[in-house]
Amino acid sequence: MLEKDIQEVLITKEEILAKSAELGKQLTEDYAGKNPLVIGILKGAVPFMADIVREIDTYLEMDFMDVSSYGNATISSGEVKILKDLDTNVKGRDILIVEDIIDSGRTLSYLVDLFKYRQANSVKIVTLLDKPEGRVVEIEADYVAFNVPNEFVVGYGLDYAEAYRNLPYVGVLKPEVYQSN
Ligand code: 5GP
Ligand code: MG
Ligand code: MG
């Protein structure tokens, strides 16, 4: 039913699962013996978080945070609002942030600074998607599953007006979907 709104599938579920397994192997090596705190950024990171943690074979803990970016280019990179904070104290912890997509880089730049300020031992980022052309703030993920072109994508956690997060692939919406809103 949702498929009728999709113009093009960019990344299939099979591709995401295969890449998650590959990244998971690397993360298993990199976090061996460390008990990392894996932090999913709500809500977009939830499907990818579920995939990636099941591919990491070390002790780990999970927590979630919800932030909203004002998304205004005239506002500095610090303008991110915490909607739900962590339950866990990050002091001394090895943090792995799980994101759905890095676009301008504002959200992650804010979070990395926040966790460093809270005295995390290390902070790394794994993201399902990276849109390098959208970058406004200089920040790179340590682990990237897929690069995407500079267009608006939905699915696998990513929404348009809170819909389409449950699509089992990443795709581009038909233009008429925006125009009808
Ligand atoms: P940044 O702070 O890097 O600009 O923003 C990242 C957030 O913007 C993502 O977590 C996501 O919520 C939203 N975003 C950026 N690009 C896209 C996109 O192509 N599609 C969707 N659905 N959300 C996006
Ligand atoms: Mg996000
Ligand atoms: Mg959104």
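Here the range 143-179 is scanned for amide nitrogen atoms under 17 Å from the site 7 Å beyond the Cα of residue 135 along Cα-to-Cβ, giving 143-151.
Working ranking of peptides 17-26, 151-160, 99-108 by packing, defined as the average number of other Cβ atoms within 10 Å per residue, highest first, is 99-108, 151-160, 17-26.
Using the structure shown, list the pairs from 91/116; 81/116; 43/131; 84/116; 25/124; 19/91 with a Cα-Cα distance above 20 Å, or answer none.
Values: 91/116 9 Å; 81/116 17 Å; 43/131 18 Å; 84/116 18 Å; 25/124 16 Å; 19/91 31 Å.
Violating the 20 Å limit, Cα to Cα: 19/91.
Each of the peptides 88-98, 113-123, 1-11 was scored by the mean count of other Cβ atoms within 10 Å over its residues; in descending order, highest first, they stand as 88-98, 113-123, 1-11. In plain terms, the residue of 146, 48 with the fewest other Cβ atoms within 10 Å comes first and the most crowded comes last, giving 146, 48.
Relative contact order for the chain using alpha-carbon pairs under 8 Å, separation at least 6, rounded to a whole percent?
24
Taking other Cβ atoms within 10 Å as a rough exposure proxy, 54, 135 sort from fewest to most as 54, 135. The dipole here belongs to the range 24-176: it is taken about the Cα centre, uses +1 on the Cβ of Lys and Arg and -1 on the Cβ of Asp and Glu, and is about 280 debye.
None of the figures in this text is laboratory data; all of them are computed from the coordinates on show. Owing to the predicted nature of the structure, the values given are computational and were not obtained by experimental measurement. Glycine gets a Cβ as well: all are built from the backbone with ideal geometry, and neighbour counts include every protein chain shown.
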